[in-house]
C-alpha cells in the first residue's frame, strides 16, 4: 500500500528513529528485528509520529552494528527477510506512517563481494580501483590519516598494499571516482524505492569523495580526539554535490509518479556543518540534520542563538530546519542535561529528566521537521555503567577504553514488566543488558501515568499537528534572564525557563501544555509551556 500522497509532507514531519537491534525482538534471540518493529507500529501510530527511520538492516557482519554493509539490496538474516521488510512497509503505510531507510555510501563491509574480489585480485587490479588501495611508505601506511574511531585509517593486506577506512578496518571506504560505485548506489536507491521506501537518511553524507592525492594532514590526531570529521582531504569535497544532484533526480522521478516526495536527509557533521546550506538545495538534499540544538547546553541564551541560526539556515536554503535532540550516537538527552555520561556517572537524573521534557516542548514548537530517537518519549536515561565485558562499540576497543562509546544509548527498549527483558524479547539475555532501573521507564508504566513523558509527547504531537501546521514563522520575544519566549502565527506562545528560579509566565490563563505544573502564574525552573490566544 502506498503512503499518503503529500508532496511536502517532510517539511513539518516528526520522524521516530528506530535502532533496529534495540526496538523489539520477535524471535527470542535477544536482538531486535523487523517483525518486532512491525508488531509495535500501532504504538508509534498512537504516539502520533509521521514517519519512522530504520537504522541499517542490510546483511552485515555487525562490526559496527549494520554500518558495515555486506549487501545493499537484502536484509540481515538476524533481522528477517525481504518479505518481512515488505510487510513492515505495507503495514506502516496502512497506519499512515512513512518509512525512511538508512543508506551508507561512504564505506561498506570487508564482506562485501566487491571488496572480497578486490582482495583476491591483488595489487594493480581493476577490482581494487573501486576502493582506495595504495602501496605503503616502506612499512608505514600511505599517509598519516587517523580513523575517527581511533587508530590509523589504513589497514595492510597480506600482499603488502593498504586500504583506506575512515571508521573501522572492517569498513573500507568506497572510491566514488569509480563509475561502478556511482552506478551501483543509484541502483540501490531504485531497488528500495521500488519496494515502497519513502526516503533515505544518508550516513556520513559529507564523505564519499577524497582528495585523489591523499596528502598528509597537519594534525592527524584531531579527528580521533574530538570524534568528528575535520580532515579537509577526506570530508566535504566539492565533488560530493554531483552525487546528490544525481540522487535528487532519482528521488524526484519517483515523487512525480504519485505526488509524494522521497526526501533525502543528510548526516552532515564536522567541517560539513558550516556548509550545510550547500547540501540542502532544491537540486540536492531535501534536509540535513541541524546539530546546533543537540549541541546546545540547556541554556535560554544558547537556545535563542540556535533558533536564530536555524532561521538563517532556512532563509539561506529555502528548506525548513531539521531539529534533533538526540540519536544513536550521542548520550541520551535526560542524562546529558543532568551532567551524566559514560565514565562520568548518571548525573542528576531528576533535573536531567525535567530539562529533557522541557526541551522536547521547545523542539516540537519550532517550525520545521523534528527527529525523535527511540526512548526519548520515555525519558530513558543513558546506561553509564555497562560491564566492560559487555561493551560492543568498536570505538571503545579501538581507543583502548579512552572513549566508552555509544552502547549506553542503544540498550534494548523496555516495554512492560518489572524485570529484564521488560517485554523486549523472549529471553533475558539481550544483546546489551538492561538495568533494573528500566522498570521505571517501561512503556506500560508510562502509559498508565497521565503525567509521564510519554503522555507529554503524545499531547504535544497532537497539538503540534492541530495548531502549528500552518502557524508560520517564529518571533523571539523579550524574556526575563534565563528564559526564552517566542510566538508563532497570531496566537501560539512557547516559553522555556532554564534558570534557577521561577519567572512570571509570559501569557495569561491556563497553558495548553506544560512540562511541569505552573503554580500561581509562574514558570518554574527547568520547565516549558505552550499557550494559545
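The values are calculated or read from the model by the stated rules, or taken from the named source; none is laboratory data. As the structure is a prediction and not an experimental result, all values here were calculated from the model. Here the Cβ is made from the backbone with ideal geometry for all residues, glycine too, and neighbour counts use every protein chain on show.
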| query | Can residue 321 be described as touching a helix residue (DSSP H, G or I) at 6+ places or on another chain (Cβ under 6 Å) and under 22 Å from residue 265 (Cα atoms)? | reply | yes
| query | So which of 367, 387 ends up being more than 19 Å from residue 517 (Cα to Cα) and touching a residue at least 60 places away in the same chain (Cβ under 8 Å)? | reply | 367
| Given 193, 189, 208, 214, which one is surrounded by 15 or more Cβ atoms within 10 Å (Cβ to Cβ) and out of contact with any helix residue (DSSP H, G or I) (no Cβ under 7 Å at 6 or more places or on another chain)? | 214
| query | How many of the residues in segment 429-466 are assigned to a loop (DSSP other than H, G, I, E, B) and either over 22 Å from residue 390 (Cα atoms) or more than 25 Å from the chain's Cα centre (by Cα) (or both)? | reply | 7
| task | Only residues in segment 159-176 that are on the phi > 0 side of the Ramachandran plot count as the first member; pair them with residues that are surrounded by fewer than 21 Cβ atoms within 10 Å (Cβ to Cβ), Cβ under 9 angstrom, at least 6 apart or cross-chain, and list the lot. | result | 160/123; 160/135; 160/136
| message | What pairs come out if I take residues in segment 297-323 that are on the phi > 0 side of the Ramachandran plot and pair them with residues that are surrounded by fewer than 22 Cβ atoms within 10 Å (Cβ to Cβ) whose C-beta lies under 9 Å away, six or more apart or interchain? | response | 318/281; 318/282
| Of these, 157, 168, which one is modelled with pLDDT of 95 or more, touching a helix residue (DSSP H, G or I) at 6+ places or on another chain (Cβ under 8 Å) and buried (at least 21 other Cβ atoms within 10 Å of the Cβ)? | 168
| Which one is surrounded by the most Cβ atoms within 10 Å (Cβ to Cβ), of the residues in segment 473-489 that are assigned to a loop (DSSP other than H, G, I, E, B) and more than 26 Å from the chain's Cα centre (by Cα)? | 479
| field | Within segment 276-300, tally of residues that are more than 18 Å from residue 330 (Cα to Cα) and in a loop (DSSP other than H, G, I, E, B) | value | 6
| note | Residue hits (segment 25-50; under 18 Å from the mean Cα position of the chain (by Cα) and either within 17 Å of residue 463 (Cα to Cα) or not assigned by TED's automatic domain parsing to the domain that holds residue 364 (or both)) are 44, 49, 50
| Does any residue of segment 220-230 turn out to be out of contact with any helix residue (DSSP H, G or I) (no Cβ under 8 Å at 6 or more places or on another chain), surrounded by 17 or more Cβ atoms within 10 Å (Cβ to Cβ) and in the same structural domain as residue 63 (by TED's automatic domain parsing)? | no
| Search result, residues across segment 93-129 that are under 30 Å from residue 289 (Cα atoms) and part of a helix (DSSP H, G or I) | 93, 94
| task | Evaluate segment 17-33: report whether one residue or more is in contact (Cβ under 8 Å) with a residue 60 or more places away in the chain and in contact with a strand residue (DSSP E or B) (Cβ under 6 Å, 6 or more places away or on another chain). | result | yes
| query | Being over 28 Å from the mean Cα position of the chain (by Cα), part of a loop (DSSP other than H, G, I, E, B) and assigned by TED's automatic domain parsing to the domain that holds residue 368, is that true of even one residue in segment 419-428? | reply | yes
| For the subset of segment 40-88 comprising residues that are part of a helix (DSSP H, G or I) and out of contact with any helix residue (DSSP H, G or I) (no Cβ under 8 Å at 6 or more places or on another chain), which member is surrounded by the most Cβ atoms within 10 Å (Cβ to Cβ)? | 44
| query | What number of residues in segment 236-275 are within 16 Å of residue 106 (Cβ to Cβ), assigned to a loop (DSSP other than H, G, I, E, B) and under 23 Å from the mean Cα position of the chain (by Cα)? | reply | 5
| said: Suppose we keep only residues that are in a loop (DSSP other than H, G, I, E, B) and more than 24 Å from residue 229 (Cβ to Cβ) within segment 137-155. Which one would you say is farthest from the chain's Cα centre (by Cα)? | reply: 138
| request: Scan segment 333-342 and give yes if some residue there is outside any helix (DSSP H, G or I) and surrounded by fewer than 21 Cβ atoms within 10 Å (Cβ to Cβ), otherwise no. | output: yes
| request: Considering every residue within segment 6-24, establish whether at least one is over 17 Å from the mean Cα position of the chain (by Cα), over 17 Å from residue 461 (Cβ atoms), crowded, with 19+ Cβ neighbours inside 10 Å and assigned by TED's automatic domain parsing to the domain that holds residue 251. | output: yes
| request: Look through segment 515-524, keep the residues that are without any contact (Cβ under 8 Å) to a residue 60 or more places away in the chain and outside any helix (DSSP H, G or I), and return whichever of them is surrounded by the fewest Cβ atoms within 10 Å (Cβ to Cβ). | output: 517
| Flag for residue 258 being more than 23 Å from residue 324 (Cα to Cα), touching a helix residue (DSSP H, G or I) at 6+ places or on another chain (Cβ under 7 Å) and surrounded by fewer than 15 Cβ atoms within 10 Å (Cβ to Cβ) | no
